[in-house]
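Worksheet: one structure, shown below.
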Amino acid sequence: MTSRAAFSRSRILMARYDVSPHLVKWWKNVKPDDGQITRHLSPFEQHPVAPWFKTWPRKIMDRAPHYIFYLGGSLSLAYYTVIWGDAADAAEKFEHRY
């Protein structure tokens, strides 16, 4: 009996059972990691935006007085520009009527 025939029946005992049977060939050379972190907290479990949702009303109230001049000024400038443009267009149409 050759050595190949002697060890042919022990191959079943040496098979990996921690992976699916169709992936045994893929994972046959993978060695277990010593000291490497293999488990971690999923990004879906970390809730990175949740603290922002808890504090945004207070932050808006703290920052609003500083930025209300710029926001209010630009919105009022745009509003009055539209009113002036409509009035100028109406005056030009009135001037060129039949």
Given the conditions (1) under 27 Å from the mean Cα position of the chain (by Cα); (2) at pLDDT below 75; (3) open to solvent by 100 Å² or more (accessible area, probe 1.4 Å), which single one is not true for Pro43? (3)
Within segment 30-38, is there a residue that is at pLDDT 75 or above and loosely packed, with under 10 Cβ neighbours inside 10 Å? no
For segment 62-79, indicate whether the set of residues that are of a type in the set (Lys, Arg), exposed (fewer than 10 other Cβ atoms within 10 Å of the Cβ) and without any contact (Cβ under 8 Å) to a residue 40 or more places away in the chain is non-empty. no
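The values are calculated or read from the model by the stated rules, or taken from the named source; none is laboratory data. It should be emphasised that the depicted structure is a prediction, and the values quoted were computed from it without experimental measurement. Methodologically, a virtual Cβ is constructed for each residue, glycine included, from the backbone with ideal geometry; neighbour enumeration extends over all protein chains shown. Side chains are part of the model used for accessible areas, which takes the heavy atoms of the whole protein and leaves out ligands, DNA and RNA. Shrake-Rupley method; radii C 1.70, N 1.55, O 1.52, S 1.80 Å.
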